[in-house]
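Novice: Just passing along the structure, written as structure tokens.
The values are calculated or read from the model by the stated rules, or taken from the named source; none is laboratory data. In this text, all values refer to a predicted model and were calculated from it rather than measured experimentally. Using ideal geometry, Cβ is built from the backbone for each residue, glycine included, and neighbour counts are taken over all protein chains shown.
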């Protein structure tokens, strides 16, 4: 089971070679993303001076082929623990990354496909798959 981070989804939908190759490599795995990643993608698309509706439609189509896990109380608690522990260690990351990791851990997923190696490698129990 692998979680696809926002940067991977963006690069894949833009047909960037490294993301497309990684997608082929992991195609047979159980793939999903989180509602936090969906938010990040949509937010990034909607704040552009000219909203590209095509990008949003591409995302919606892509999401139909993978699972999307939502944040619930258990994953929120896990995310809060991750964020608090990292803050205490002086290894602060984006709260959204903590939320994504909380959702992952709650759902027994311990691998994330991302280029954000710096942040996710700080989270105990999460394996980073770079592309």
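Novice: Suppose the filter is at pLDDT 95 or above and either more than 19 Å from residue 129 (Cβ to Cβ) or surrounded by fewer than 17 Cβ atoms within 10 Å (Cβ to Cβ) (or both); does residue 48 pass it?
Specialist: no
Novice: Looking at residue 26 and the list (1) surrounded by fewer than 16 Cβ atoms within 10 Å (Cβ to Cβ); (2) at pLDDT 95 or above; (3) out of contact with any helix residue (DSSP H, G or I) (no Cβ under 8 Å at 6 or more places or on another chain), which single condition is not satisfied?
Specialist: Of the numbered conditions (1) surrounded by fewer than 16 Cβ atoms within 10 Å (Cβ to Cβ); (2) at pLDDT 95 or above; (3) out of contact with any helix residue (DSSP H, G or I) (no Cβ under 8 Å at 6 or more places or on another chain), the odd one out for residue 26 is (1).
Novice: Sticking with this one: May I ask you to list the residues in region 7-22 that are free of Cβ contacts under 8 Å to residues at least 40 places away in the same chain and buried (at least 17 other Cβ atoms within 10 Å of the Cβ)?
Specialist: 10
Novice: Check 77, 94, 89 and return the single one that is surrounded by fewer than 21 Cβ atoms within 10 Å (Cβ to Cβ) and under 13 Å from the mean Cα position of the chain (by Cα).
Specialist: Among 77, 94, 89, only 94 is surrounded by fewer than 21 Cβ atoms within 10 Å (Cβ to Cβ) and under 13 Å from the mean Cα position of the chain (by Cα).
Novice: Just the residues that are under 11 Å from the mean Cα position of the chain (by Cα) and closer than 25 Å to residue 20 by Cβ, please, taken from region 97-115.
Specialist: 97, 100, 104, 111, 112, 113, 114, 115
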